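The structure appears right after this line, and notes come after that.
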Amino acid sequence: MSRPENTAERLLAELGVTSPSEIQVENIAWTRNALVCYESLDGAAARLVTGGDFSVITVSTSLANQGQRRFAAAHELGHLELHRKLNDLNLCLANDVELHPNRSFEEASFGKIGKEPEQEASEFAGALLMPGFLFEPLLHTGKPSMKAITKLAETFDTSLTATPIRYARLQKEPCAVVWSHAKRIKWYQPSRDFGFHVRFGEELDKYSIAIDFFEGHELPGRPTTVDASCWLAPGRFEDDAMIQEDSLELPSYNSVLTLLWIDKDIERE
């Protein structure tokens with residue numbers, strides 16, 4: 001467990017949190033002498049101002065949904081807990097207050113996303129809102145699926161970007177979540193035992209399920225068996241290898257969120 005994750009879970013333990021419904025960011029921040037408020041912010045997603053022993057966390061009302069606003073507030077609380085001595089004023093852009101995947105097209109092309117303090121604050125936020133001691137037991141109650149991920153997002157009141165990333169990082173099954181935008185694979189987050197590379201940065205394969213959304217067709221809303229070559233970089237799997245794809249359309253983002261699951265051994269001898 002990383003330092004940000006450990007700090008977040010230790011804070012929840014100190015407060016005696018035992019269920020997702022008790023993770024109220026505003027109340028948790030108040031115990032740390034920080035007031036969370038929501039208002040319009042010009043050019044920023046969230047702001048932390050610290051003076052003496054008291055702090056104000058301001059979250060932009062322009063953030064699209066409740067899950068994103070909660071994550072932004074938890075991100076700023078992460079700065080307060082982890083980087084209190086760095087700045088009295090901290091402004092974070094929308095790209096800062098996100099849980100970033102391990103593999104993304106932007107990382108490969110332009111270097112690692114974000115600065116280390118921003119990454120640490122986002123790790124803190126992910127662990128605060130979806131702590132392992134509450135999140136992990138719910139991962140292993142059935143087969144991996146997008147239905148399970150969306151249910152977790154509802155349970156923890158978190159976004160459909162942060163929740164799948166956290167899901168994959170803590171999942172013991174060999175799986176990966178993939179974000180595709182405008183027909184192109186933008187990022188993916190593998191589980192620890194996934195063992196393969198997704199073809200991020202490339203256009204979706206014409207035989208994938210996800211491509212159907214961008215061609216105006218309805219997605220099936222359930223896991224479907226597809227050729228592994230639709231998603232995985234070549235070389236490590238058998239020619240006839242098949243995997244499970246479960247894709248969910250996100251029309252407001254012109255994107256598709258996909259869960260890939262390897263339900264049987266496909267590695268080349």
At a 1.4 Å probe radius, carbon and sulfur cover how many percent of the accessible area of the range 1-79?
48
If you wrap a convex hull around the Cα atoms of the range 130-269, how much volume per residue is inside, in Å³?
100
Accessible area of the range 168-269 belonging to carbon and sulfur atoms, whole % at 1.4 Å probe
46
For the range 146-222, whose charge dipole is built from +1 on Lys and Arg Cβ atoms and -1 on Asp and Glu Cβ atoms, the candidate among Leu219, Ala168, Ala153 with its Cα farthest towards the positive end is Ala168
About its Cα centre, what dipole magnitude does the chain give when the only charges are +1 on Lys and Arg Cβ and -1 on Asp and Glu Cβ, stated in debye to the nearest 20?
360
Expressed in nm², what is the orientationally averaged projection area of the convex hull enclosing the Cα positions of the range 56-103?
4.0
Just the Kirkwood number for the chain, please: inverse of mean 1/r across all distinct Cα pairs, in Å, one decimal.
19.3
Number of Lys pairs in the chain closer than 19 Å at Cα, excluding neighbours under 8 places apart unless interchain, is 10
For the range 137-200, rounded, prolate or oblate, judged on the Cα gyration tensor with a ≥ b ≥ c (square roots of eigenvalues), a/c < 1.5 rounded, else prolate if a/b > b/c?
oblate
Note on the range 36-186: contact order normalised by length, alpha-carbon pairs under 8 Å, 6 or more apart, percent, works out to 22
First select every other residue whose beta carbon is under 12 angstrom from the beta carbon of Phe213; then total the charges, Lys and Arg +1, Asp and Glu -1.
-3
Would you mind calculating the gained length between Trp30 and Ala64 on full extension (0.36 nm times residue separation, minus the Cα-Cα distance), in nm to one decimal?
9.8 nm
Taking only C-alpha pairs under 8 Å that are 6+ residues apart, what is the relative contact order of the range 113-194 in percent?
22
Rank Glu249, Glu123, Glu215 by mean-square fluctuation in a GNM of the chain with C-alpha springs under 10 angstrom and give only the top-ranked residue.
Glu215
Among Phe135, Cys92, Ser180, whose Cα lies farthest out toward the positive end of the dipole of the chain, if unit charges sit on the beta carbon of Lys, Arg (+1) and Asp, Glu (-1)?
Cys92
If one builds a Gaussian network model of the chain from Cα atoms under 10 Å apart, the most fluctuating residue listed among Ser247, Ser229, Ser62 is Ser62
Compute the acute angle (0 to 90°) between the alpha-carbon long axis of helix 116-129 and the principal axis of greatest extent of the alpha-carbon atoms of the chain; round to the nearest 10°.
90
Extending each Cα 7 Å along its Cβ direction at Arg268 and Ser19, get the distance between those two points in nm, one decimal.
5.2
Cα-projected label distance for Arg3 with Tyr207, points at 7 Å along beta-carbon direction, nm:
4.8
What residues have an amide H closer than 5 Å to that of His197, excluding those fewer than 5 places away on the same chain, when H is modeled at 1.01 Å from N in the peptide plane?
Ala233
I'd like to check one number: the per residue accessible area of the range 1-110, probe 1.4 Å, reported in Å² as a whole number.
51
Using only Cα atoms, tell me the angle between helix 146-156 and the longest principal axis of the chain; keep it within 0 to 90° and round to the nearest 10.
10
At Thr225 and Asp239, where each label point lies 7 Å from the Cα along Cα→Cβ, what is the point-to-point distance in nanometres?
1.9
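The values are calculated or read from the model by the stated rules, or taken from the named source; none is laboratory data. The structure displayed is predicted, hence computed values, not measured ones. Here Cβ is always computed from backbone atoms with ideal geometry, including for glycine, and neighbour counts include all displayed protein chains. To get the accessible areas, we keep the full protein, side chains included, count just its heavy atoms, and leave off ligands, DNA and RNA. Shrake-Rupley method; radii C 1.70, N 1.55, O 1.52, S 1.80 Å.
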